[in-house]
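Have a look at the structure below before the remarks.
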Amino acid sequence: MLVDYHTHNSLCKHADGTLEEYVAHAVKIGLTEIGCSDHAPMPDDFDLQHRMNIDQFNRAYKPEVLALREKFKGRIAVKFALEGDFYPGTEKYVKEFNSQHEFDYIIGSVHYLGEWGFDNPVFVHKYDERNVDDVYDQYYAHIKRSAASKLFDIIGHCDLVKKFGHRPSNNMEEVLREVFKVVKSADMAVEINTSGLRKPVKEVYPNEQILKIVHEYRIPLALGSDAHSPNDVGKDFDIAKELIHKYGNGRISIFTQRQRSEVAVS
Ligand SMILES: [Zn+2]
Ligand SMILES: [Zn+2]
């Protein structure tokens with residue numbers, strides 16, 4: 001089996017293609033499951049320029065994903081999911097929202113440190129105005145809190161802070177061990193996300209230092225391309241598969257109605 005659990009579509013305003021085009025591409029390349037996991041609506045118009053609003057979720061996203069599930073039955077399993085944001089202060093909203101719909105899983109991602117969308121190329125110059133070590137510390141403090149919040153099933157691209165090639169001066173080992181202890185106790189999966197290969201850093205998220213810790217702690221893996229274009233579905237999964245064999249005993253997580261099970265990749 002091979003699945004892609006991280007895909008977007010044009011509803012988020014920074015991706016190309018309809019939901020159906022993503023599903024069709026997944027069928028074309030022979031995936032067994034595709035997760036539609038567009039950026040989740042957030043309260044108070046938070047980051048509205050990069051996501052659908054509640055109305056679009058209710059009128060377009062949810063009914064379209066559920067209709068595609070029926071339309072493609074027998075060819076591919078279509079999962080109804082979201083990429084949620086961990087943003088301190090929104091936990092109550094996210095918890096309520098997630099419980100109101102029958103999601104298969106929710107990816108939990110950190111894209112913001114305070115007001116700063118640190119993975120947005122428009123604001124990359126802000127790395128130069130800050131101490132990169134402090135940025136890393138702040139980022140991992142957020143990842144740890146996102147795991148402790150128990151709002152999510154999968155930790156998304158868990159070293160996204162490296163996206164533009166900024167590196168910490170220390171090796172982060174102790175910080176990372178503390179973070180992934182919390183991830184383990186929250187019973188979450190960690191995503192192997194191939195989109196980093198298409199970004200300036202040119203690496204999979206996460207790096208092998210993290211994958212070694214994940215393997216040691218027996219944390220399950222999940223898999224996603226983070227496609228923002230239909231042709232990127234399943235991109236570089238040959239590289240991901242090698243990592244899954246090395247650090248996940250050749251197995252990945254799949255989810256149905258927020259219950260995890262594991263399958264062997266092939
Ligand atoms: Zn996006
Ligand atoms: Zn993301």
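Every read-out reported here was derived from the displayed coordinates using simple, explicitly stated rules and does not represent laboratory data. This structure is a prediction, so every number in the text was calculated from the model and none was measured. Note: ideal-geometry Cβ built from the backbone for every residue, glycine included; neighbour counts use all protein chains shown.
General observations
- Under the simplified labelling scheme, the R218-R145 pair shows an inter-label distance of 3.1 nm, with each label point 7 Å from Cα along Cα→Cβ.
- Averaging 1/r over every pair of different alpha carbons in the stretch 3-264 and inverting the result gives a Kirkwood radius of 18.3 Å.
- Other-chain or far-sequence residues with amide H under 5 Å of A222's (modelled H): V190, E191, I192, S253
- Debye, to nearest 20: dipole size of the stretch 3-264, +1 on Lys, Arg Cβ, -1 on Asp, Glu Cβ: 640 debye
- Summary of packing: across the peptides 212-224, 95-107, the per-residue average of other C-beta atoms within 10 Å ranks them, highest first, as 212-224, 95-107.
- Inter-part distance, the stretch 18-48 to the stretch 162-230, computed on C-alpha centroids, equals 21 Å.
- Zero-based 5 Å bins, Cα pair distances in the stretch 201-266, whole percents: 4, 15, 25, 25, 20, 9, 2
- Highest-first arrangement of 50-56, 260-266, where packing means the average Cβ count within 10 Å: 50-56, 260-266
- Spin-label model, V124 to D45: label points 7 Å out along the Cα-to-beta-carbon direction sit 2.9 nm apart.
- Global geometry of the stretch 14-56, whether rounded, prolate or oblate, following the gyration tensor of its Cα atoms and the 1.5 cut on a/c: prolate
- Subset of K162/K246; K13/K79; K126/K235; K13/K92; K181/K246 violating a 24 Å alpha-carbon distance limit: K126/K235; K13/K92
- The gain in end-to-end length when the N249 to L66 segment is fully stretched comes to 62.7 nm, 0.36 nm per residue minus the alpha carbon separation.
- Per-residue [θ]222 nm for the chain (sum of -39500 (n - 2.57) over DSSP H runs n ≥ 4, rounded to 500): -9000 deg cm²/dmol
- Taking V122, V110, V94 as the candidate residues, the one with maximal mean-square fluctuation in a Gaussian network model of the chain, Cα springs under 10 Å, is V122.
- Derived scalar couplings between HN and Hα for the stretch 7-19 equal 9, 10, 5, 5, 4, 7, 6, 10, 10, 9, x, 7, 4 Hz in order, rounded to whole Hz, by the Karplus curve 6.51 cos²θ - 1.76 cosθ + 1.60 (θ = phi - 60°), x for Gly and Pro.
- Estimated inter-spin distance, N53 and D238, nm [label 7 Å along Cα→Cβ]: 4.5 nm
- Rh by Kirkwood over Cα pairs, then Stokes-Einstein D for the stretch 50-196 at 1.002 mPa s and 20 °C, µm²/s: 127 µm²/s
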